[in-house]
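Data block below; observations after.
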Amino acid sequence: MLLPIVIYGHPVLRKVSEDIPADFPDLEKFLKDMFQTMDEADGVGLAAPQVGKSIRVFVVDGSAFAEMDPDCAGFRRAFINAHIVERDGEEVSRNEGCLSVPGIHEDVKRKNRIRMVYEDEKGERKEEVFEGIKAWIIQHEYDHLEGIVFTDHLSSLKKRLLRNKLNNISMGKFRATYKVVLPK
Ligand code: NI
């Protein structure tokens, strides 16, 4: 089932998400819907707050970057109750976009390596280090769990320049090929 995607300006994108219990109802179905929604919208990731749920769940698919980074081939995963415990390595600037902020693409600097604890789809607790493009994709989605949107990372000048565009997006003035939920 395709889930509508929440658009910039909606308060759910500003909430800090909560861990979910092991017996969270219909998690399997929710993850299936998340993957389907991400695929249909051509996203490389989708976080639960983007479909209106303040829970620490996100899905990623880095296969589109396999040519740039062979590590990304088959990098299609769900992360549950994710917590980044360490960020290091150099800062790398990459051009980002977000399904919740349609039409805006800006360079964002992020650490190139992270260590994260999480549960996989089977509920197994894991601790893993991610580097390069994987770490980049994860940090963008992880930000959504913390109530952060990628434009928050821009300089105040850049933010000022984007203010009108962002206001227009909040008011529904954009094109998207997927179903959306606008801020009230
Ligand atoms: Ni996003």
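Cα gyration tensor of the stretch 106-184, axes a ≥ b ≥ c as square roots of the eigenvalues: rounded (a/c below 1.5), prolate (a/b > b/c) or oblate? It comes out oblate by the Cα gyration axes. Each label point was placed 7 Å from the Cα along the Cα-to-Cβ direction; for residue 54 and residue 121 their separation is 2.9 nm. Per-residue Karplus couplings for the stretch 107-112, computed as 6.51 cos²θ - 1.76 cosθ + 1.60 with θ equal to phi - 60°, are listed in order as 6, 10, 8, 9, 5, 8 Hz, Gly and Pro entered as x. Note on the chain: with charges restricted to the Cβ of Lys and Arg (+1) and Asp and Glu (-1), its dipole about the Cα centre is near 1080 debye. Global dimensions of the stretch 126-170 from alpha-carbon coordinates: Rg and Dmax equal 13.8, 42 Å. In this structure, the residue pairs whose Cα-Cα separation is over 29 Å, taken from 32/126; 158/184; 126/159; 29/109, are 126/159; 29/109.
Starting from the Cα gyration tensor of the stretch 72-116, take the square roots of the eigenvalues, sort them a ≥ b ≥ c, and report rounded, prolate or oblate (rounded when a/c is under 1.5, otherwise prolate if a/b is larger than b/c, else oblate). Present the calculation step by step, with values, prior to reporting the outcome.
On the way: a/c = 1.82, a/b = 1.23, b/c = 1.48.
Oblate is the answer for the stretch 72-116, as a/c is 1.5 or above yet b/c matches or exceeds a/b.
With a cut-off of 16 Å on the backbone N, the residues of the stretch 9-50 near the modelled label site 7 Å out from residue 181 along Cα-Cβ are 9-18, 30-31, 33-35, 37-38, 46-50.
With θ taken as phi - 60° and the Karplus curve 6.51 cos²θ - 1.76 cosθ + 1.60 applied, the whole-hertz 3J(HN,Hα) list for the stretch 80-95 is 10, 6, 6, 9, 6, 9, 7, 10, 8, x, 6, 8, 10, 9, 9, 7 Hz, x standing for glycine and proline. In this calculation the C-beta distance from residue 158 to residue 69 is compared with R0 = 22 Å, giving a FRET efficiency of 0.25.
Between 163, 113, 87, the residue with the greatest mean-square fluctuation in the GNM of the chain (Cα pairs under 10 Å linked by springs) is 163.
Once the gyration tensor of the Cα atoms in the stretch 33-184 is diagonalised, the equivalent ellipsoid follows with semi-axes of 25, 19, 15 Å, ordered largest first.
For the chain, what is the accessible area per residue in Å² when the probe is 1.4 Å? List each step's numbers first, then the result.
Details: 9740 Å² over 184 residues.
Ligands and nucleic acids excluded, the result is 53 Å² per residue.
Computed extension length for residue 36-residue 85: 14.7 nm, one decimal, from 0.36 nm per residue of separation with the Cα-Cα distance subtracted.
The values are calculated or read from the model by the stated rules, or taken from the named source; none is laboratory data. Predicted model, so just to flag it, every value in this text is computed and none were measured. Positions of Cβ are generated from backbone atoms using ideal geometry, with glycine treated the same way; all protein chains shown enter the neighbour counts. Ligands, DNA and RNA are excluded from the accessible area calculation, which covers all protein heavy atoms including side chains. Shrake-Rupley method; radii C 1.70, N 1.55, O 1.52, S 1.80 Å.
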